[in-house]
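Quick notes on the structure that follows.
Just so it is clear, none of the values below were taken in a lab; they were calculated from the coordinates. Note that this is a predicted model, so its numbers are computed, not measured. As a convention, Cβ positions derive from the backbone with ideal geometry for all residues, glycine included, and neighbour counts pool all protein chains shown.
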Amino acid sequence: MNILLLGSGGREHALAWKLAQSRLLAKPGDRLYAAPGNPGIADHAELVNLDVTNHGSVVRFCADRRIGLVVVGPEAPLVDGLADTLRAAGVRVFGPSAAAAQLEGSKGFTKDLCARAGIPTAGYVRVKNLQDALAALDGFAAPYVLKADGLAAGKGVVIAEDRADAEAALGDMFDGKFVDSASGAGAEVVIEEFMKGEEASFFALTDGASIMAFGTAQDHKRVGEGDTGPNTGGMGAYSPAPVLDAMRRGEALERIIAPTVRAMADAGMPYSGVLYAGLMLTDEGPKLIEYNCRFGDPECQVLMMRLQSDLGELMLACAENRLSRSEAARFSADTALTVVMAAEGYPGTPQKGGTIHLAEKEAEGVKIFHAGTARGAEGDLVANGGRVLNVSARGANVTAARQKAYEAVDAIQFPSGFCRRDIGWREIAREAG
Ligand code: AMP
Ligand code: GLY
């Protein structure tokens, strides 16, 4: 069949690489298209120019090219209802409806659902104006967790160390500083109890009824070594996350993922696609921090490095509501680790156009995913975004995977780029005993 992949980052490069190996694309004439894609994705897919905000044009493209499956990488088109439009036009799609994507798009929606279904998460209140927000602070202790509602590209969360900082941040939130015009983030704020523990990510595929565990990962959100400095989309990740041992994975599935999928179906908005749970591993067991309605970036890259099952088949089974008849996803027992090489300036304004030279051939067990690259005038590779490359490697454990990943990093010439040198530090300390 023909498949259309939407997105342009390292996550989508990893998905394209894995989809290209699918039996769904094995027949001569089967095509993988990517919109808009990037120079790395171009190795596996035909890049096409499509405006994903114009749902009609995506539907027309699917009809013209007889697309059998659309895979949506990022959250924005999902929250915007692209999957609904495609399904209504009879196109199979991997990714949730707009109603179901509220699990990522609206923090208030998700907190209310957790409260109704008894899902472990931080205590909270939803507030709609500054006066109520300031009064609500009395019910919480420092540090204060404040979240502007709606998609805010990770920028809507403030952890304030004391009351004065919390009041100032709330002032900003209701002043519109965090307002995202597309989603209206900032019109409402969620104040949460602070949870203590280690964070880890848990992934599940679902067709709305049946659930399949789909691996674990841990990432590094801060830009600086030792997890310091401003937050980013993620500077590196590894999978599996050994802290999510079998017991905690079982708890996460039973107490968090399964009741969520049930509650969404009961509410008439079945969730279909990948459900990515950000978890806090507290003394009382895993608690939900947040949901994402898509794969994590760069968590997807390390999951795909380990995935042995046919990604296309699994995605199609979700899209066709027959996941219960699929075998459980198989992953290599190896660890995969990815190091993000970013452009100077990130997570502020990144320097664009910096030259990149990659080795002709990747070493065994190494994959370099393109996250923010473009072709320069001479066809040379240049930086074109904040996060530019995801240098990924597999090894017997985090220590071995990390060594291989940094060897690959050191073989790359990218003078205007930088990376953290300590990806995996927590786990490496544990491996060293
Ligand atoms: P979110 O966008 O909801 O994932 O929040 C961003 C980050 O803020 C998370 O990855 C956590 O590090 C932190 N965070 C969010 N909510 C809480 C909470 N209730 N307690 C402690 N940390 C939190
Ligand atoms: N790496 C975090 C995310 O994709 O949301």
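Values computed for the structure shown
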| item | result |
| --- | --- |
| Charge dipole magnitude, Cβ of K and R +1, D and E -1 - the chain, Cα centre, debye nearest 20 | 1100 debye |
| Ellipticity estimate at 222 nm from DSSP helix runs (n ≥ 4, -39,500 (n - 2.57)) divided over the chain, nearest 500 | -7500 deg cm²/dmol |
| Extension gain (nm, one decimal) between Ala63 and Glu193, 0.36 nm per residue minus Cα-Cα | 42.0 nm |
| Candidate aspartates and glutamates - alpha carbon under 18 Å from Lys196, same-chain residues fewer than 8 apart omitted | Glu161, Asp162, Asp219, Asp227, Glu251, Asp283, Glu284, Glu290 |
| Ranked packing of 399-405, 280-286, 169-175, most packed first, by mean Cβ within 10 Å | 399-405, 169-175, 280-286 |
| Over the chain, relative contact order from alpha-carbon pairs under 8 Å, at least 6 apart, % | 16 percent |
| Neighbour-limited loop hits for GluC sites (Glu not before Pro), the stretch 364-416 (at most 13 other Cβ within 10 Å; DSSP other than H, G, I, E, B) | Glu364, Glu378 |
| Reachable lysines, given that their alpha-carbon falls under 18 Å from the alpha-carbon of Lys367 and they are not under 8 places away in the same chain | Lys18, Lys404 |
| Where N is the number of residues in the chain, Cα Rg divided by 2.2 N^0.38 Å | 0.95 |
| Net charge over other residues, Cβ less than 10 angstrom from the Cβ of Gly395 (K, R count +1; D, E count -1) | +2 |
